[in-house]
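Single-structure report; data block below.
The values are calculated or read from the model by the stated rules, or taken from the named source; none is laboratory data. Predicted model only: the values in this text are computed from it and were never measured. When we count neighbours, we look across all protein chains shown, and the Cβ atoms used for this are built from the backbone with ideal geometry, even at glycine. For accessibility, only protein heavy atoms count, side chains too; no ligands or nucleic acids. Shrake-Rupley method; radii C 1.70, N 1.55, O 1.52, S 1.80 Å.
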Amino acid sequence: QVQLVESGGGLVQPGGSLRLSCAASGSRFRIYAMGWYRQAPGKQREVVATITSGGSTNYADSVKGRFTISRDNAKNMVYLQMNLLKPEDTAVYCCKASIATLAYWGQGTQVTVSS
């Protein structure tokens, strides 16, 4: 069982930056693939960025060059650095841990990009 708690969301102006954090419980954090997903009102949840247990990353086309996912296995943390934010980035951002057929989700943190 893995418990995930996100933090770092908030209100930011277009062009601004935020850093989301996801704290994971458990001693086997390093074996999980981690990901950030988002869901905007009236839209389906979409993947934003993922990072494997080995550190390989992948990004949605809409955030490439603006967002960076990283992980710190010593601290059981995964981060999402978001730069050059746009109004269309507004959503609830959730953290996911997965391995094989298992998947665990956090509750999410709201990100609002507005002037």
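Return one whole number: the accessible area per residue of segment 36-107 in Å², for a 1.4 Å probe.
Value returned for segment 36-107: 55 Å² of accessible area per residue.
Want the number for Ala60 to Gln81: 0.36 nm per residue separation, take away the alpha-carbon distance, what's left?
Difference between extended and current length: 6.2 nm.
Work out the count of Lys pairs in segment 33-115 where the Cα-Cα distance is under 19 Å, with the pair 8 or more places apart or on different chains.
Lysine pairs satisfying the spacing and distance rule in segment 33-115 number 4.
Trypsin sites (Lys or Arg not before Pro), restricted to segment 41-82: which are DSSP loop and have at most 16 other Cβ atoms within 10 Å?
Here the trypsin sites (Lys or Arg not before Pro) that fit, given the DSSP loop and packing criteria, are Lys43, Arg45, Lys64, Arg66, Lys75.
Fully extended, how many nm does the chain gain between Ser7 and Ile99 (0.36 nm per residue separation, minus their Cα-Cα distance)?
The Ser7-Ile99 span can extend by a further 30.8 nm.
Over the chain, what is the percentage of antiparallel beta bridges among all DSSP beta bridges, to the nearest 5?
95
How large a share of the accessible area of the chain, in percent, is made up of carbon and sulfur atoms when the probe is 1.4 Å and the other protein chains stay in place?
Carbon-and-sulfur percentage of accessible area, whole number: 47.
Starting from the amide H of Lys86, placed 1.01 Å from N in the peptide plane, find each other amide H under 5 Å away whose residue is 5 or more places distant or on another chain.
Excluding prolines and chain starts, which carry no amide H, the hits are Gly15.
In nm, give the distance between the simple-model label positions of Asn73 and Thr52, each being 7 Å from the Cα along the Cα-to-Cβ direction.
The answer from the label model is 1.3 nm.
Name every cysteine in the chain that ends up alone, with no second cysteine's Cβ under 4.7 Å, or say none.
Cys94
Going by average Cβ density within 10 Å per residue, which order do the peptides 9-17, 89-97, 53-61, 29-37 take, highest to lowest?
My ranking of the peptides, most packed first, is 89-97, 29-37, 9-17, 53-61.
Under the definition of Cα pairs under 8 Å and six or more residues apart, what whole-number percent is the relative contact order of the chain?
37
Report, in whole Å, the centroid distance computed from the Cα atoms of segment 38-105 and segment 12-27.
Between the Cα centre of segment 38-105 and that of segment 12-27, the gap is 9 Å.
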